Amino acid sequence: MKIYDVIKNETGLLNDGLGSKAVLAWKFTGEDFNDNTQLIVSESEEAIFIRDGIAVATFGGGRYTLNSNNHPFIGRLRNLLSGGVSAFSSRVYFVNIDHKLELLWGTDSPIQLRDPVWSLQTSVQARGSYSIQVTDSKKFLIKLLGTNIQVFDEQQLAGYFRSAFSQHIRGQIARYIRDSGQEILEITSDIELLAEQLHPRLAPLLDEYGVKLVNFYIAAIDIPTDDPNRQVLENSIAQKQAKLQSAQGDKAVMGLLGEDWARQQSATILTELAKNPGAGGVASAGAAAGVGLAAGSVFGEMATQMFTRPVQPAGDPMAGNVGRNRTSRFSPAEPAAPAAAETCPGCGASVAAGAKFCPECGNRLAPQQVPCSGCGTAIASTAKFCPECGTPNNQGASS
């Protein structure tokens, strides 16, 4: 039986001297020690003495001389083979209490769900990492590992919690995607928020064993490349983005060309509509243009401009050429003004239309027209005979 007088962490001797930074707990090789044995503990670890499955002492970083005077618990560990004087027996474990970064996790199988937008049955897979810290080395050692292990590393810890982590992660991701109303392929923009929601659900699983979940990260949530609906979803998103870019381009053109261009396009549409009587009016023009609600504004403004009489500058000789008795060529005509008065050829006085004699000088005005009694041709009432058939004008004679 070998009796040791120095106790220290020797994980640096593992892997042919290369050591292992991933070791979380390691049991010292020997179990029998002399009085005044030197215990060396680094700042990133704690040393725990175990006797009969019970943790009897815990040491933090530092150098210690172990004897019953300095540490009374040594008296309870005396080795009977030494007569209870010079040696004691115990198992010593070194537990790493430093942060352990980049412990990897991933869903062991795809999560089956339906895309909230496209209603396609598909699946997703997720992966990421998390960091932990042992906050209670005694609880960690006794409750999680037991007292019969030689070495325990990060991969063993990740494997221990893999099933529990997977259950919570899969359920939370499926609920989040279902309630988000977003396309699965666009959910990656929310992975930070989703990771924050998962952290408090996973932390108690580790805390029960004296381990703190420092950080939890989601690196990716995606659809497996061999999923038959992946390409369908990608094509749908590509078409939607193309339409969005086209709409944004049209808006940019409108902004650059201004209102005059918009009016020109509106007039062009109405011109084409006029050439096609079966087009169904202005509403159909808007539908044919494919401009949806925006078309209502364009055509409404255009109609206002076309059916309202424009304001002409003062003194413009062309003002009102559309028609003095109507506001536009499409509006109904106003009542005609009374016919203008005639002028007497004798005295030049103004005479009411239809008068036979001038009220000022008595001069006979232009003769009225009467039908010929023979052929019906309109002839002057003062004519004696019809110039067409020679029939005497009896009406004229009596005038």
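Overview of results
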item	result
Net charge over other residues, Cβ less than 13 angstrom from the Cβ of A174 (K, R count +1; D, E count -1)	+2
Formal net charge of residues neighbouring C347 (Cβ-Cβ distance under 14 Å; K, R +1; D, E -1)	-1
Where labels lie 7 Å past Cα in the beta-carbon direction, separation of D222 and H199 in nm	2.5
Ordering of 102-110, 127-135 by burial proxy (mean other Cβ atoms within 10 Å per residue, highest first)	127-135, 102-110
Label-point separation, R162 to E43 (7 Å along Cα→Cβ), nm	3.6
Additional length obtainable on full extension of the chain from E388 to S119, 0.36 nm per residue less Cα span	87.7 nm
Karplus-derived HN-Hα couplings along the stretch 155-171 (A = 6.51, B = -1.76, C = 1.60, θ = phi - 60°), whole Hz, x at Gly and Pro	5, 5, 5, 4, x, 5, 9, 4, 5, 5, 4, 4, 4, 6, 5, 4, x
Neighbourhood charge, 11 Å Cβ-Cβ cut-off, centred on V211 and excluding it, Lys, Arg +1 and Asp, Glu -1	+1
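Coordinate-derived values only; no laboratory data. Note that this is a predicted model, so its numbers are computed, not measured. Cβ coordinates were reconstructed from backbone atoms using ideal geometry, including for glycine residues, and neighbour counts include every protein chain displayed.
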